[in-house]
Amino acid sequence: MIDLIATIVAIVSLVVAGGSAAYLLMMKSAAKQKGAAGAAIAADVGRRMKPVLVALAGAVVALLLTYGGAVPDILGIILGGGSAAVAGNAIAAVRKDYK
């Protein structure tokens, strides 16, 4: 049962982190197309991309941990939840700043 929960948490964290990374990449691309007017936004989004990519890597590791026993499953739940929280907070901050 814990294996199923860990897998669901890891998949959800992978979706959240992947979606956050894709959103930031789209914002950076749109800002770069604006030329000099979007240079500051592109630089800021690039700075905010690092924690999201680390969260994405954490989500992948969390998914890999779900293939183990009970202890790796629990570690996967913790890592997956933390990765989703970091990625979600990063996107919330970006949306708040550029709304």
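Read-outs throughout are calculated quantities, based only on the coordinates presented, and are distinct from any laboratory measurement. Nothing here was measured: the structure is a model prediction, and the numbers come from that model. Note: ideal-geometry Cβ built from the backbone for every residue, glycine included; neighbour counts use all protein chains shown.
For the chain, what is the calculated [θ] at 222 nm in deg cm²/dmol (nearest 500), taking -39500 (n - 2.57) for each run of four or more DSSP H residues and dividing by its residue count?
-31500 deg cm²/dmol
At 25 °C and a viscosity of 0.890 mPa s, what translational diffusion coefficient does Stokes-Einstein give for the chain, taking Rh as the Kirkwood radius over Cα pairs? Give it in µm²/s as a whole number.
Taking Rh from Cα pairs, D becomes 176 µm²/s.
Run the numbers on the chain and let me know its relative contact order in percent, using alpha-carbon pairs under 8 Å that are six or more apart.
Once divided by the residue count of the chain, the mean separation gives 41 percent.
How do the peptides 33-43, 59-69 rank, highest first, by the average count of neighbouring beta carbon atoms within 10 Å per residue?
Most protected by this proxy first, the peptides run 59-69, 33-43.
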